[in-house]
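Beneath this line is the structure, given in structure tokens, with notes to follow.
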Amino acid sequence: MKKLHVLLAASAMLVASQANAASVAGFNSTVQAAYTGYAQDLAAAAWMNPSNSAESHSSGILPFGIQAALEVTALKIDPNAAQWQAVGYTDSSIPMPRVRLSAGIPFGLDVGYMNLSSKDLGIDLTGYEFRMAFGNYIPVPMLEANVRYHTSKLTLTDMEVKNTGYAVMVGANLPIVKPYIEFGTVKSTSSASGLLANLQQLNETNSTLALGAKVELALFVINLEKSTVGNKDLTTVKLGFEF
């Protein structure tokens, strides 16, 4: 976590210092490209991926369900990109550990929450999702489906990235392993203060794709997921408790 925060802060300070040097003659295109790439990477890392199977939490023995989990999503990056070379970051991925909570009530309605927060390190990531399952209306045994709305926000020194998106998931409700696939779209925007505010901010929409499986072992669950946000690749591992 500390390594990640130092990296984010160093990148922001680098762009700010370069933007200040170019303030009289206009912003250098290299600086703008580095900032845009930086914002795009952060938006993908902050995306609230599904990290869950297609059936609703209220489909079990009880008319409601709860899941509490720890997950790590690793964003694959290009260490040769300007924003990472400038701070000497040579790893090919950025890990984002977070807490994930979700709950379901009857009628196939689920709500979810994720968080990665450290006031001392200046990082705060929050996300919310609302899902509605409609597998009961599909006349195919063990086939589940849902629609999802999600929003997330990552804040750090002088910068904020927001995501808002929609998605549709289908999957198989098998006894132990529950595979799923989700297609969606997400709009990502950034805002900044100080010298960073003078740079052009991120405002783009990307398609999303997630392919994964949930393994149920008594009250414990394991999720393995590969996903994309535009051309950004992510891998997620989640360990949780569910009833």
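Okay, residues lined up against (1) under 14 Å from the mean Cα position of the chain (by Cα); (2) surrounded by fewer than 17 Cβ atoms within 10 Å (Cβ to Cβ):
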residue	(1), (2)
92	no, yes
112	yes, no
120	no, yes
133	no, no
150	yes, no
161	yes, no
166	yes, yes
183	no, yes
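What is the residue count in the range 33-76 for residues that are modelled with pLDDT under 85 and not hydrophobic (A, V, I, L, M, F, W, C)?
5
When only residues in the range 109-127 that are in a strand (DSSP E or B), among the aliphatic types (A, V, I, L, M) and touching a residue at least 60 places away in the same chain (Cβ under 8 Å) count, which is farthest from residue 67 (Cα to Cα)?
123
Those residues that are part of a helix (DSSP H, G or I), closer than 20 Å to residue 162 by Cβ and either modelled with pLDDT of 95 or more or touching a helix residue (DSSP H, G or I) at 6+ places or on another chain (Cβ under 8 Å) (or both), I need them from the range 187-226; list them, please.
194, 196, 198
So which of 103, 43 ends up being part of a strand (DSSP E or B) and surrounded by 14 or more Cβ atoms within 10 Å (Cβ to Cβ)?
Among 103, 43, only 103 is part of a strand (DSSP E or B) and surrounded by 14 or more Cβ atoms within 10 Å (Cβ to Cβ).
Among all residue pairs at least 6 apart or on different chains, which show Cβ distances below 9 Å where the first residue, located in the range 162-181, is of a type outside the set (Lys, Arg) and at pLDDT below 95 and the second is surrounded by 15 or more Cβ atoms within 10 Å (Cβ to Cβ) and not in a strand (DSSP E or B)?
173/53; 173/54; 173/55; 173/59; 173/135
Within the group 171, 240, 184, which residue is assigned to a strand (DSSP E or B), under 24 Å from residue 44 (Cα atoms) and touching a helix residue (DSSP H, G or I) at 6+ places or on another chain (Cβ under 9 Å)?
171
Is there any pair with a first residue in the range 85-108 that is touching a residue at least 40 places away in the same chain (Cβ under 8 Å) and a second that is polar (S, T, N, Q) and in a loop (DSSP other than H, G, I, E, B) whose Cβ atoms are under 6 Å apart and which are 6 or more apart or on different chains, and what are they?
104/56; 108/56
The values are calculated or read from the model by the stated rules, or taken from the named source; none is laboratory data. Given the structure is predicted, the values throughout are model-derived calculations rather than measurements. Neighbour counts run over all protein chains shown; Cβ positions are idealised from the backbone, glycine included.
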